[in-house]
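I have placed the structure first, in the form of structure tokens, so that the comments after it can refer back to it.
The values are calculated or read from the model by the stated rules, or taken from the named source; none is laboratory data. Note that the coordinates shown come from a computational prediction; the quantities given were computed from them, not determined experimentally. Backbone-built Cβ (ideal geometry, glycine too); neighbour counts: all protein chains shown.
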Amino acid sequence: MESIKSLFLIAKDPKQTRWVSPLLIAGDAVLCLAIIWKIPYTEIDWVTYMQQIDAYVKGEKNYYKIEGDTGPLVYPGLHVYIYRILHALTNRGQNIVVGQVLFALVYLATLAVVMACYRRAKVPPYVFPLLVLSKRLHSIYMLRLFNDCFAVLFLWLTIYAYQKKQWVLGTTYLSCGVGVKMSILLSIPGVSFVLLQAIELERSITMALLVAQTQGLFAYEFVRTHWRAYVYRAFDFGRQFLYKWTVNWRFVPEDIFLSRSFSISLLAAHAALLLLFAWTRWVKPSKKSLPETIQFFMSEMADWRVAEAISDRVTPDYILTTILTSTAIGLLCARSLHYQFYSLVAWSTPFMLWRSGLHPVSIYVLWGAQEWAWNVYPSTNASSGVVVGSLALSLAMLWWGTRTEEQDAVKHEQHEHVE
């Protein structure tokens, strides 16, 4: 009985993640190798990526003319540079096993960074196994070789750097994520509130300029050739997605899914949810209302001592919570999610469920339901309903679970640990 009690105490003690994390990473590394060895690779976009890089290597810089079997190049410049390296390391994409090993390394690097972010937010050990149990997540990395894997790594590096108050480095990572795939833009609203309260308005504007400069660097050689082609292809916000590939809105009739009114409704819901979290949750470090917070940081007479106190309240937990909720809101209101988007969802869900204050059993049950839904192929009305429902429920419970500063303080005291 005492041994069981000790196990429960260990499972709830964030100090124990110091040894739990490396053990899980080591075990997952073995699993990754077993997956590569035993499970056949499935071709989806890898050949197309390599065909597009072939065209780039031969000197083509016009995005309108860079295409592959499954379509044109629709990702920003850093995607091209990363896959140019993979193109060289895999003999023009023909050595798939080398590519799989490289993606396994990206997976393990991401896992390590995610765990480091969780540890800085004082997440207990019982949450960590959920980070290594996802069948779909392993598939996205080792069996599909999607570019989302690199974009998500950069997002988590951003969070980790911000947690360590390395604002320039973190913003550089953020821009790299956007430079691979524009889905990372979903995190920008949350990032904006983090930076505004951590480093004030002037330095936040400097960070925005840094993003613009690095995007210009990634785009330079393509913009020189045909700037309209680059902007239209790499950052096409009006891109239409096929109904047959949607994972999230399958339960909606196709005519409604394709309608403009549905698109506008999702956009309105996105804006409303961002405003709700901004007004009630994301301004907590300032201890002011949203209008008062904006007014304070725009004032030239802002008290530096107050600003410093606000910055001190931008904690690792706040940073992780705010950026993940911003991203989750965007995913919930996205018109179409494909399976690779689970790389954004899977790493976030365990933390969001824990941060909601749920019982551990409830966390595992809800995580299991979400994992089931993302593993159904092709998606069904039931699975897509669970995909949308799990995202909505995670956000709703997180909003409720972080409703008072007093409860937040108690949670921090309960999970206090030394790095």
So Ala234, is it modelled with pLDDT of 95 or more, buried (at least 16 other Cβ atoms within 10 Å of the Cβ), over 27 Å from Pro291 (Cα atoms) and touching a Phe, Trp or Tyr at 6+ places or on another chain (Cβ under 9 Å): no
Enumeration of residues in region 58-104 that are more than 18 Å from Val223 (Cα to Cα), among the hydroxyl-bearing types (Ser, Thr, Tyr) and surrounded by 15 or more Cβ atoms within 10 Å (Cβ to Cβ): Tyr83, Thr90
Neighbours by Cβ (under 8 Å, 6+ apart or cross-chain): first from region 288-303, exposed (fewer than 15 other Cβ atoms within 10 Å of the Cβ); second hydrophobic (A, V, I, L, M, F, W, C): Ser289/Trp279; Ser289/Val283; Met298/Leu201
Test: residue in region 126-138 that is assigned to a loop (DSSP other than H, G, I, E, B), surrounded by 19 or more Cβ atoms within 10 Å (Cβ to Cβ) and of a type in the set (Gly, Ala, Ser): yes
Every residue from region 170-193 that is farther than 26 Å from Glu221 by Cα and among the polar types (S, T, N, Q): Ser187, Ser192
Subset of region 66-125 [within 28 Å of Ala229 (Cα to Cα) and among the polar types (S, T, N, Q)]: Thr70
Residue match in region 165-179 (condition: outside any helix (DSSP H, G or I) and out of contact with any helix residue (DSSP H, G or I) (no Cβ under 8 Å at 6 or more places or on another chain)): yes
Counted residues, region 274-287 - those being farther than 13 Å from Thr322 by Cα and surrounded by 14 or more Cβ atoms within 10 Å (Cβ to Cβ): 1
When residues of region 185-208 are limited to those that are without any contact (Cβ under 8 Å) to a residue 40 or more places away in the chain and more than 22 Å from the chain's Cα centre (by Cα), the one nearest to Glu300 (Cα to Cα): Glu202
Neighbours by Cβ (under 6 Å, 6+ apart or cross-chain): first from region 212-226, within 18 Å of Val57 (Cβ to Cβ); second of a type in the set (Lys, Arg): Glu221/Lys61; Phe222/Lys61; Thr225/Lys61
Test: residue in region 183-192 that is at pLDDT 95 or above, assigned to a helix (DSSP H, G or I) and closer than 18 Å to Ala307 by Cα: yes
Odd one out for Glu43, checked against (1) part of a helix (DSSP H, G or I); (2) surrounded by 13 or more Cβ atoms within 10 Å (Cβ to Cβ); (3) without any contact (Cβ under 8 Å) to a residue 12 or more places away in the chain: (1)
Exclusive hit being more than 20 Å from the chain's Cα centre (by Cα) and modelled with pLDDT under 95, set Asp54, Asp69: Asp69
Within region 209-311, helices (runs of 4 or more DSSP H) holding 2 or more residues that are of a type in the set (D, E, K, R) and within 28 Å of Trp372 (Cα to Cα): 254-257
Count - residues of region 335-356 that are closer than 17 Å to Ala396 by Cα and modelled with pLDDT under 95: 0
Residue that is surrounded by the fewest Cβ atoms within 10 Å (Cβ to Cβ), among those in region 19-35 that are within 14 Å of Ala112 (Cβ to Cβ) and of a type in the set (Val, Ile, Thr): Ile25
Val418 among the β-branched types (Val, Ile, Thr), in a loop (DSSP other than H, G, I, E, B) and modelled with pLDDT under 70: yes
